[in-house]
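Data block below; observations after.
The values are calculated or read from the model by the stated rules, or taken from the named source; none is laboratory data. Computed from a predicted model, the values in this text were never measured in an experiment. So basically every Cβ, Gly included, is an ideal-geometry build from the backbone, and we count neighbours across all protein chains shown.
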Amino acid sequence: MHPPNQEVVSVYDRFAGAYDRLVSPLQRRSRKRAVALLDAGEGDQVVEVGCGPGHALVRHAGRVGPSGRVLGIDAAWGMVRRARRRSARRALLDRIQVVRGDARALPLQRESADLVFVEDTLELFSGAEMEVVVAELHRIVREGGRLCVVTMEGGAGENNLFTRVYEWAFGHFGAFRRFGCRPIPARRLLRDGGFDVEAVERTRRAFIWPVEIILARSRKVEP
């Protein structure tokens with residue numbers, strides 16, 4: 001059973017600093033590849049949902065240039081504060097904005113983003129909530145716009161020791177479960193939610209943590 005999202009948010013709020021120091025370095029290689037695959041360009045409007053401490057925001061900002069804009073959204077104030085400080089240190093506040101928000105009800109208008117980036121965030125919600133989040137991602141990205149999701153894919157036959165131990169710990173330890181992460185059927189969720197999956201790359205963090213980088217494109221959903 002997945003914990004309520006507010007419990008997950010409170011954990012990331014409290015441990016934002018530790019996450020930035022200990023987990024973010026493990027994500028660096030896959031994040032760099034995912035940002036490159038999304039391929040933001042000069043003048044693009046990029047939204048990152050679940051921006052965490054802001055590492056990807058800085059990378060996106062370097063790609064969109066002075067005429068582009070990058071919006072980071074996170075539900076944990078601890079992450080929002082760190083992302084804002086990181087953007088300020090890089091003198092990128094002219095093109096990066098970071099706000100607190102809920103991925104299930106994004107504070108954006110329909111088709112307001114050219115590109116959307118989601119790293120290790122979709123899996124923080126229950127199954128039904130993930131469908132709501134994907135619907136929101138589809139709502140905010142323009143038709144034909146690109147979405148990049150980085151996650152532990154649970155529907156790809158991944159059956160290594162790391163994944164088995166991770167799923168076992170998620171099912172048996174409440175404290176572990178409060179971090180929210182676990183393998184999910186991300187590709188199926190995206191297809192069902194109005195996206196066409198165009199590319200999938202598998203990689204491993206620290207040689208043992210398997211993740212997928214999924215590039216998808218928004219398609220029109222008939223009413």
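Evaluation of K32 against the conditions (1) buried (at least 21 other Cβ atoms within 10 Å of the Cβ); (2) under 14 Å from the mean Cα position of the chain (by Cα) shows that the sole unmet condition is (1). So if I check each of V70, V49, which one is at pLDDT 95 or above, buried (at least 16 other Cβ atoms within 10 Å of the Cβ), closer than 20 Å to E212 by Cα and not charged (D, E, K, R)? Selected residue: V49, the only one of V70, V49 that is at pLDDT 95 or above, buried (at least 16 other Cβ atoms within 10 Å of the Cβ), closer than 20 Å to E212 by Cα and not charged (D, E, K, R). Here V58 meets each of (1) within 24 Å of V200 (Cα to Cα); (2) aliphatic (A, V, I, L, M); (3) not in a helix (DSSP H, G or I) with one exception, condition (3).
Here's the yes/no breakdown for (1) assigned to a loop (DSSP other than H, G, I, E, B); (2) modelled with pLDDT of 90 or more; (3) out of contact with any Phe, Trp or Tyr (no Cβ under 8 Å at 6 or more places or on another chain):
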position	(1), (2), (3)
D13	no, yes, no
L22	no, yes, yes
Q27	no, yes, yes
R31	no, yes, yes
G43	yes, yes, yes
